[in-house]
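Structure record follows, encoded as structure tokens.
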Amino acid sequence: MLARSLVVGLVALAAAGGSTAGADRIRPCSHDELGDLIVGFVGAFNAGRSARLDALFARDDGDGDVLTPSFQWYSTGKPGERIGEAAENRATLIPYFRRRHAKHERLRVLVSQGRGENTDAYADFAFTLVRTADDARRPLTLQGKGAAICTTRRNTIAVWSM
């Protein structure tokens, strides 16, 4: 019975076009793509474009495995500190961005460097930026790093840490 169910399922999958030929596949990121992600994030963040920010960050697959390409964390120090378990919670990311936008937080990229080297499906990048906000005493120059996931369909940020 199990063998019959398996055959029926495979036939149904094939009939429905269940081929992996059109599947979204991970691929190496180019330097330009990594730069575009950094600039795209900063632009969407500064403009308070929640839907765009949501699209720029990878989804969390919920398995807790860093080797599975998915959202890992967004972390930052004060003001608006987001560290530890809070940084790893994808569900609170967009509300966090909204709160920071309400504090008039803005980012300005000074330098970005996309290495483009994929390690376990992640491409590393680094940046230096200036961060200002109503709750910051002065503009802060911060160095940060991140990781992106580039696929045949879209590129997303999995890690952002500053």
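Restricting Tyr122, Tyr96 to those that are of a type in the set (Phe, Trp, Tyr) and surrounded by 19 or more Cβ atoms within 10 Å (Cβ to Cβ) reduces the list to Tyr122.
Among the candidates Ala121, Ala147, Ala126, Ala86, the residue that is out of contact with any Gly (no Cβ under 6 Å at 6 or more places or on another chain) and either among the charged types (D, E, K, R) or within 24 Å of Gly48 (Cβ to Cβ) (or both) is uniquely Ala86. Mind telling me which of the residues Arg131, Arg106 ends up being modelled with pLDDT of 95 or more and either under 16 Å from Asn155 (Cα atoms) or in contact with a helix residue (DSSP H, G or I) (Cβ under 8 Å, 6 or more places away or on another chain) (or both)? Only one candidate passes the filter, namely Arg106.
Would you mind stating whether Ala86 is among the aliphatic types (A, V, I, L, M), open to solvent by 30 Å² or more (accessible area, probe 1.4 Å) and at pLDDT 90 or above?
Numbers: among the aliphatic types (A, V, I, L, M): yes; open to solvent by 30 Å² or more (accessible area, probe 1.4 Å): yes; at pLDDT 90 or above: yes.
So Ala86 fits the description; yes.
In this structure, Ala51 does not qualify as touching a helix residue (DSSP H, G or I) at 6+ places or on another chain (Cβ under 6 Å), in a helix (DSSP H, G or I) and either at pLDDT 95 or above or not hydrophobic (A, V, I, L, M, F, W, C) (or both). For segment 32-76, the tally of residues that are open to solvent by less than 20 Å² (accessible area, probe 1.4 Å) and without any contact (Cβ under 8 Å) to a residue 24 or more places away in the chain stands at 1.
The values are calculated or read from the model by the stated rules, or taken from the named source; none is laboratory data. Quick caveat: nothing in here was measured; it's all calculated off a predicted structure. Methodologically, a virtual Cβ is constructed for each residue, glycine included, from the backbone with ideal geometry; neighbour enumeration extends over all protein chains shown. The protein model used for the area step is the full one, side chains on, heavy atoms only, and it has no ligands, DNA or RNA in it. Shrake-Rupley method; radii C 1.70, N 1.55, O 1.52, S 1.80 Å.
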